[in-house]
1. Highest mean first, how do C:124-136, B:19-31 rank when packing is the count of other Cβ atoms within 10 Å averaged over residues?
2. For B:160-173, what's the mean count of beta carbons from other chains sitting within 10 Å of each residue's beta carbon?
3. Expressed as a fraction of 2.2 N^0.38 Å, the rule-of-thumb size for a compact globular protein of N residues, what is the C-alpha radius of gyration of segment C:286-347?
4. Against the globular-protein guess of 2.2 N^0.38 Å, express the Cα radius of gyration of the protein assembly as shown as a ratio, rounded to two decimals.
5. Which whole number gives the average count of other chain Cβ atoms within 10 Å of the Cβ atoms across peptide B:360-371?
6. Where along chain B is the Cβ that lies nearest the axis linking it to chain D, and how many Å separate them?
7. In nm, one decimal, shortest first: how far is the label point of A:E265 (7 Å from Cα along Cα to beta carbon) from the matching points in the other copies?
8. In nm, what does the list of distances from D:D181 to its counterparts in the other copies look like, shortest first, when each label sits 7 Å along Cα to Cβ?
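Where a number appears in this text, it was derived from the coordinates with a stated rule and is not lab data. It should be emphasised that the depicted structure is a prediction, and the values quoted were computed from it without experimental measurement. Here the Cβ positions follow ideal geometry from the backbone for every residue, glycine too, while neighbour counts run over all protein chains shown.
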Protein chains: 4
Amino acid sequence: MLYQPGRHFLQLPGPTNSPLAVLQALALPTIDHRGPQFGQLVRGLLSDLKAIFKTTEPVIIYTASGTGAWEAALANTLSPGDRVLMYETGQFATLWRSIAQQLGLQPEFIAGDWRSGLDAAAIGAHLASDARHQIKAVAVVHNETSTGALSDIAAVRKAIDAAHHPALLLVDTVSSLAAVDYRHDEWGVDVTISGSQKGLMLPPGLSFNALSKKALAASKQARLPRSYWDWEGMLAANKSGYFPYTPNTNLLQALRVAIDLLQAEGLDRVFSRHARAAEATRRCVRHWGLDIQCRVERQHSPVLTGVIMPAGFSADKLRAHILAQCNMSLGAGLGKLADKIFRIGHIGDFHDMIVTAALTGVEMGLTSLGVPHRSGGIGAAMEYLSAQAAAAAA
Amino acid sequence: MLYQPGRHFLQLPGPTNSPLAVLQALALPTIDHRGPQFGQLVRGLLSDLKAIFKTTEPVIIYTASGTGAWEAALANTLSPGDRVLMYETGQFATLWRSIAQQLGLQPEFIAGDWRSGLDAAAIGAHLASDARHQIKAVAVVHNETSTGALSDIAAVRKAIDAAHHPALLLVDTVSSLAAVDYRHDEWGVDVTISGSQKGLMLPPGLSFNALSKKALAASKQARLPRSYWDWEGMLAANKSGYFPYTPNTNLLQALRVAIDLLQAEGLDRVFSRHARAAEATRRCVRHWGLDIQCRVERQHSPVLTGVIMPAGFSADKLRAHILAQCNMSLGAGLGKLADKIFRIGHIGDFHDMIVTAALTGVEMGLTSLGVPHRSGGIGAAMEYLSAQAAAAAA
Amino acid sequence: MLYQPGRHFLQLPGPTNSPLAVLQALALPTIDHRGPQFGQLVRGLLSDLKAIFKTTEPVIIYTASGTGAWEAALANTLSPGDRVLMYETGQFATLWRSIAQQLGLQPEFIAGDWRSGLDAAAIGAHLASDARHQIKAVAVVHNETSTGALSDIAAVRKAIDAAHHPALLLVDTVSSLAAVDYRHDEWGVDVTISGSQKGLMLPPGLSFNALSKKALAASKQARLPRSYWDWEGMLAANKSGYFPYTPNTNLLQALRVAIDLLQAEGLDRVFSRHARAAEATRRCVRHWGLDIQCRVERQHSPVLTGVIMPAGFSADKLRAHILAQCNMSLGAGLGKLADKIFRIGHIGDFHDMIVTAALTGVEMGLTSLGVPHRSGGIGAAMEYLSAQAAAAAA
Amino acid sequence: MLYQPGRHFLQLPGPTNSPLAVLQALALPTIDHRGPQFGQLVRGLLSDLKAIFKTTEPVIIYTASGTGAWEAALANTLSPGDRVLMYETGQFATLWRSIAQQLGLQPEFIAGDWRSGLDAAAIGAHLASDARHQIKAVAVVHNETSTGALSDIAAVRKAIDAAHHPALLLVDTVSSLAAVDYRHDEWGVDVTISGSQKGLMLPPGLSFNALSKKALAASKQARLPRSYWDWEGMLAANKSGYFPYTPNTNLLQALRVAIDLLQAEGLDRVFSRHARAAEATRRCVRHWGLDIQCRVERQHSPVLTGVIMPAGFSADKLRAHILAQCNMSLGAGLGKLADKIFRIGHIGDFHDMIVTAALTGVEMGLTSLGVPHRSGGIGAAMEYLSAQAAAAAA
């Protein structure tokens, strides 16, 4: 195989490009997971993670993919046959529903069009019709990674409360945490699910549950069998900074550095950097004359942009060409969107010029393959970013 | 805090010291888990892992601690209320039993003294008494990491067959795989459980299930709820080299290198290197006049040696002193052995002089703290190793 | 200090961005510079370097900056008071002249305008006027890094031969080797000087002298005092793969990987990749309406483009703004060009999209600072690169 | 080739084992050697190096082996034909003399036996006989790396002063700096030469000259030609934190971390750690019944121990066997000591157990090859180190 020169650009909506300092921490020698240095590390992480979830309640770290944290949220709070209200924002909401089914729960799925986020009013109406409170949880996705639509979680909480419904609120923030403002406590979320490989800038392998008092109380009654995901043993061991079983020590060492970098930049700056990149990307795509998968303006995701290929053109062929010419990976269309859209990730560790770089790669690909578009989209993105930079410098 | 100079020696029975090449592969930039490079990587790994488990059937890779793979083996093959025969070889057998209980199974636990491996005859007798074949699986630990006792798995299979019992055989090889000769197919094992952080020389974070045709057939009937651990979706996705959810891509990149190194050295050389280290260690400990936790000669573990502290002396104080003086972590006594024994790991990536180094650290600790012992144990170890080296060179 | 997110782009004409594999090799533990592994490494390097210089004669590796290799070329071949003909292509030619003066040589300097490469006819004329052959060497720069002008070395050799002059030909290829086609033997060069931190994609710290038989013969007579730079001791030690003093072992380990990568891509592909990047860059700059420092079309450098700032605008302010906004370093104007030009490096380990990325950074900087230019230069670059990629794929 | 498992032990008297943090800093991406981050880095290094040399005068950093810094010290202070008084402590003193000869100086060499450090009285006597002060410099080695003898530099200064002689004092501390207490100002040294790859725990590639006012004044008159080594241009550029040519930026980044680690441990602790290791090593060697190359008790080197092989046994065969069995490199006998001695390095980044490890490797090698020795030397070393550790803890 030929050597492909130059850095790879991993412009997926996750996993994201990890800072070198994070990767170097990952490669530090493994330390004793029962030793004093490890306990000190973990106590600091468990404390600092709270600020990232914006909660004062415990956060649990799993050595698992984000999918495991989905299962954990369900298994710790629910019992066989429980009804769960879910909302079809896209492929990831659909996968989470499958997990609920596999665990023996009864998901009720509000249909969606995969081109927008959730409709809190529909959730409220559904709950209002559940007079006997058979629905035990509402489980929704904050940022739907398969489409690029961001939903209003505070509105969901308001809808639940307005319906005077006791259902727990479970929220997937796998692709939004540490990239988009998210407020576990303020928004009344009971379990927040997240993962390491997106805004936290780590490789995949860790996932999270942030809890509420209500969720903890529910876990005492929940009868789904659970062991690996069980909160109780984890919380007991975490008190002194340890785990009930051997966790991924090296990812925890890397998480320390990732949090340090987020703190150094400041979460608000991180959020505005993502929002700026997303706006620049959308201006470019619109200039090209291509459609954006999310069609609701206020629900555009700050972390990825789904772009619809013109009819008759394969998104996957475009991605393959760009990978070969530009050493850049873009996100594929998932589920029913396969080959129909591609997704540009602008999440994690990047700066303005990485955004414009990625856009030049896409435009060169469109041109090389003869995909119809209006050239000059990069100019629209650059104009916006230059104006922002000039304003920031002023 | 003061800088502690010199390399840390992680002489635990796992996690073990990772080779630098493995750590550097871990720190390579994350790659697209849906891209062509990743599929190629995974297909190679799934194929090469078979040779390590000595099986022709599929091996499944979980992004999880070894504990998760314990749960996976049970959840995929058994149904609520099923009886499982287990054997109390030590702390890890006891933990596995707890998991079975948490999942709603009924473990039957043959009592052990934590100073020996299992007694296959006792298993055979127990199965023979189960005329109605209510016991659905025999679940045992190959190398009991908490004590340092290795059990004869082939003998367990013979005992099951001699009892004409249809129970599945599930075996934990978390701390033996790739360090001790293990033969999944030849020994008739149905599910072999293992982890990344011991003989495979990786950090924690991956774990494994090796399957048999009988285990796969059982999984079609098994009714324990499962999603993350489910074999079916995993095997379907693995066919083309992918995963049903985002795995720990970086540990998979590191696993490639770890397997390359094992292949370069050759598994038989790896096994004899571990056996040699274990014998040298025992000669040293006996010279000191200290007792070894495993009291059955043919069951001594090649990967760790449990050493019993003289009455009145704290094993944990000794370990803390050695950590401070020698920058070496030793394994703690676990469960009922807490503070009573310490465990010397000789597993993973090491050579003769790392073994003698660790022994000098222990002997200096014993001397510094005034723990009664006969000095000169290192000499016994060195004499043995020198003779082996001279023989190999001849 | 705030954390500046995203990878740094080191778009200097050297040092260049090193591939991660090279940096990881650099960070391998230091090995015994007198051991068997080291001898094997060095023998391979000395052999493979010949193919990169396109010579069959020895190549010498110094643990030193490129500046040291300039001195070495002079000190090994010349005697106090010797005349050397040099050519003012820019700042680096000027620095080399200073070194000659410091060593007690008498450089004769053909004046240049810093906007073009050398004029071989002028060299020929100068030599023709040296009837007594007092000029002992012609010392010229292949690629003048301060301006971006590439000179025709074969033409210099022809001019020397046409003048029937015995002068040695010494050539600086610090910023061209392994990026631009260069032929030590075919072009009749006597000493080629180079460095590690440009086309070889290593950090600074190694430099080179490639020799000819004539140069070696001259070194027997040369009377400039020398020790560190002395070829004789070096060649004697190199025969078995060692050095007369402790070299930079880690850079040598990294050089192994750098050469492997160059071989994997193939030198001809490497050269055309650089040429393509340079053409794309020039199309962009011309679209902007900015002047290029080198004003001779056939002498444009494939590895950097010098861009002249419009009157009244500071190149250094532009570079500082781009560093802050885009995390990109550009080359400064040197010597009399300070603050008047900036230099875009397109050399080493890069692909098409890194070129367009850098250009977007520059254009955003121009826009943010209100530097007059015609927008849309990136489009010109992308159009060219897309067409090239489409042609390559066809 | 077979993979040799386990970490390599580089127990040379340099290059030494670099801490991982140093190697990771070395592998950071190269930064712009003319950018603001680099200037800040260098200003900090130049300041902090003074504390390591214990001087208030400038320290110069060369991108070169230590050999280059030897040449630099001579070339900046002396003129062709100058006499230099040197002392034959061993191979490195002899090499330095050769360099002086190559540069056209006239070294006068006080003969030594390679089994002791220098005799300051002999130097004083020699100078006293130089009534016309034709000797311009006294150039001596602080720690003779080829034999393991440490010389008293303060005594040399006293001898020079007692002779009322104006000669400069030049001292090689390549293998003692940052490992043995050394005081440039207090001992009246004019130029101190050192290197990166020993006590500073870096790979080879940087070397140093620490200056005095008198040395600087001498450099204004010194007429040896020089350019790369010239102090004047270097000091001018260093004022703002830059270099007159591209230095080894990555080693400078690593030097930052190395100094941070030395400061964290504290130089006095570093010195006593080395002294303790040396004493333990000598006790072991004496127990074996082998002779130590340095035969003067108060001149034993804290950083290495030269061990004389019994007649009829090859030191190189022993080293090769130990390399194969124990993955450890030991220092070879150099010059006239080739194959007659081996040298155990105990310098740089190590702790007690690395010392005992190395000794077990040597003893196993002696045993395997049948080299006559009294077994149990490790016990003598451990007894000493345990007592020291117990005392430190008390």
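1. Order by mean packing, descending: B:19-31, C:124-136.
2. The mean count of partner-chain Cβ atoms within 10 Å per residue comes to 0.
3. Rounded to two decimals, the normalised Rg is 1.10.
4. Output field value: 0.97.
5. Average neighbour count from other chains, rounded to a whole number: 6.
6. Value returned for chain B: B:A357, 2.
7. Listed shortest first, these distances are 2.8, 3.6, 4.0 nm.
8. For D:D181, the other copies' label points sit at 5.9, 6.1, 6.6 nm, shortest first.
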